[in-house]
Amino acid sequence: MKTNQFISQNELDEQKRIALALSKEIEPRGLTFFVETFGCQMNVRDSETIKGWLCEIGYTEAEDKESADFILFNTCCVRDHAEKRLMGNIGALKELKDARPSTIIGVCGCMMQQEGVAKKLLKRFPHVSLVFGTNVLHRFPSMLQTVLNGERIAVTDRADDAIAEGLPKMRDNLRSAFVNIMYGCDNYCSYCIVPYVRGRERSRRPEDVKREIVSLVSSGISEITLLGQNVNSYGNDGSTGMHFADLLRYVSDVPGLRRIRFMSSHPKDLNDDVIRAIAEIPNVCHHVHLPVQSGNNEILKRMNRRYTREHYLSIVQRLREAVPDIEFTTDIIVGFPGETEEAFNDTMSLVKEVGFAAAFTFAYSPRQGTVAARMEDQISEPVKKQRLSALNTLQAEKTVENNEKYIGHVGEVLVEGCDCRGEATMLYGKYPNFKMVYFPGDPILLNRYVTVKVTKTNKNSLLGEMIHA
Ligand code: 5AD
Ligand code: SF4
């Protein structure tokens, strides 16, 4: 059985001491921070930890970048355009730094974990003084202390080893929270940079996950999303004594926990035990985000996804049999190297066949160091664009079709927000299966559960009326 490494309590206590000492200087000066997050839920969750540290260090959150004393970009490198956007954003901060030299500018996250990027960034942007990767969040106070002392640093230890428990966090959302159950990824899909930047897969201890959920629920949160690059391989290395279906059962009995979501699922590891767990556990939501990536077996093989189209469709079918109101969302890449017109049509036909509630679609973007970036038969940008557009048109039609079956549907909605721009205030929120509905109501109902009946559909959204508050 494998065992995971953990950051020691001593090391954490030392960081807390540094945070406290810094707060004695920072707090009286009324300094503020602004953290901007790019990318996926993992980064959103990491930013909560960094903001938690900043609060312990005595900063408060600024309204905008321009007024902040500490500005941090938490970066993503999964696709190319994020990188270009980031470079533009950092460049734009130079003026701000010139006008107010005491401003500290930092950059962190996945992109900094890429070979050579952190050092290059420090060199290219003299106004940036702190750069760090995804694996050193537990050392944030000491890193910031060094920078406050006038040094410029880049800290990017390999994202390989220890798990840090008990770090602070600042959450904006009072209704719903992300909870990591694992870090890293071992799958090495041939297009994907994540395993290189986030390191090998390691699972948190079930009791730590549950403790975090208990604490969240006691603070009023009733919906949690269990996060991992591939939640279905939770505990597969034997380090936790539990697999994902067991973990779902183990955390589901926390009193007051009304909704359990999870993402992402990898089709190769979603087994019958998980299907049973979704069907049987009352507070597990009937929604699976199941990235398919392609509907063509040859491309799936070249992507190193380790399942076939037929296997994917059989999971969908088995889940629909066990959980009739289940909805699927997915991720799809078009224009992967070697994708012929025929292969692309297989993706289109799979999208028709499954009827996803929603699809996140991407044009393939070569990532340096990955196997697919070295493949010879790269697809031209115009072809990728044209395929992406055809796929999006198809999915938009499927979304409308999917919505139509909801007319008359009655169910419980957790109110997430309100749109007050029109004549009537419209609230919105999701049914357990992730379908979003808009309905007139009082903003006082924000973060509450109400019963909503769908009365009509409007292109890609459902409209309804509240029948019970
Ligand atoms: N190019 C395009 N899309 C990608 N994704 C991951 N890597 C790439 C890439 N190199 C997409 C996948 C994944 C989602 C998070 O991002 O669809 O599921
Ligand atoms: Fe990337 Fe594949 Fe891991 Fe997802 S499962 S993070 S796509 S390597």
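The values are calculated or read from the model by the stated rules, or taken from the named source; none is laboratory data. This one's a predicted model, so the numbers in the text were calculated from it and none came from an experiment. Using ideal geometry, Cβ is built from the backbone for each residue, glycine included, and neighbour counts are taken over all protein chains shown. Calculation scope for accessible area: heavy atoms of the full protein, side chains included, ligands and nucleic acids excluded. Shrake-Rupley method; radii C 1.70, N 1.55, O 1.52, S 1.80 Å.
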Need one word for segment 109-172: rounded, prolate or oblate. Basis is the Cα gyration tensor (sqrt eigenvalues a ≥ b ≥ c); a/c below 1.5 gives rounded, then a/b vs b/c decides.
oblate
Sequence order, segment 61-66: Karplus ³J(HN,Hα) from phi using 6.51 cos²θ - 1.76 cosθ + 1.60, θ = phi - 60°, Hz rounded, Gly and Pro as x, gives 7, 8, 6, 8, 4, 4
Hull surface divided by four, with the convex hull built on the Cα atoms of segment 410-468: how many nm²?
3.7
Here the tail fraction of P(r) beyond 40 Å, over all Cα-Cα pairs of the chain, rounds in percent to 23
Largest first and in whole Å, what are the equivalent-ellipsoid semi-axes of segment 309-438 based on the Cα gyration tensor, each being the root of 5 times an eigenvalue?
33, 19, 14
Could you please tell me the mean projected area of the C-alpha convex hull for segment 54-94, averaged over all directions and given in square nanometres to one decimal?
3.7
For residue 81, solvent-accessible area (1.4 Å; no DNA, RNA or ligand), Å²:
120
So what J values fall out for segment 310-321 if you push phi through Karplus, 6.51 cos²θ - 1.76 cosθ + 1.60 with θ = phi - 60°, rounded to Hz, Gly and Pro as x?
5, 5, 4, 5, 6, 5, 4, 5, 5, 5, 5, 5
With all distinct Cα pairs included, what does the Kirkwood hydrodynamic radius of segment 1-53 come out to in Å, to one decimal, could you say?
13.8
With charges only on Cβ, +1 for K and R and -1 for D and E, what is the dipole size of segment 341-469 about its Cα centre, in debye, rounded to 20?
220
Amide H contacts under 5 Å for residue 190, placed H, 5+ residues apart
304
Using +1 on the beta carbon of Lys and Arg, -1 on that of Asp and Glu, and nothing else charged, what's the dipole of segment 129-232 about the Cα centre, debye to 20?
100
Accessible area (Å², per residue) of the chain, counting only protein heavy atoms and a probe of 1.4 Å:
44
Considering only protein heavy atoms and a 1.4 Å probe, what is the carbon-and-sulfur percentage of the accessible area of segment 410-468?
50
In segment 9-161, carbon and sulfur make up what percent of the accessible area (probe 1.4 Å)?
47
Among bridges DSSP assigns within segment 171-268, what percent are antiparallel (round to 5)?
15
Mean 1/r over all different Cα pairs, inverted: what Kirkwood radius does segment 230-298 give, in Å?
12.9
Segment 303-378: projected area of the alpha-carbon convex hull, averaged over directions, in nm²:
5.6
HN-Hα J couplings of segment 258-272 from phi, Karplus 6.51/-1.76/1.60, θ = phi - 60°, integer Hz, Gly and Pro as x?
8, 9, 10, 10, 7, 6, 9, 9, 9, x, 5, 10, 7, 9, 5
Quick one: work out Rg over Rh on the C-alpha atoms of segment 9-161, Rh as Kirkwood radius.
0.94
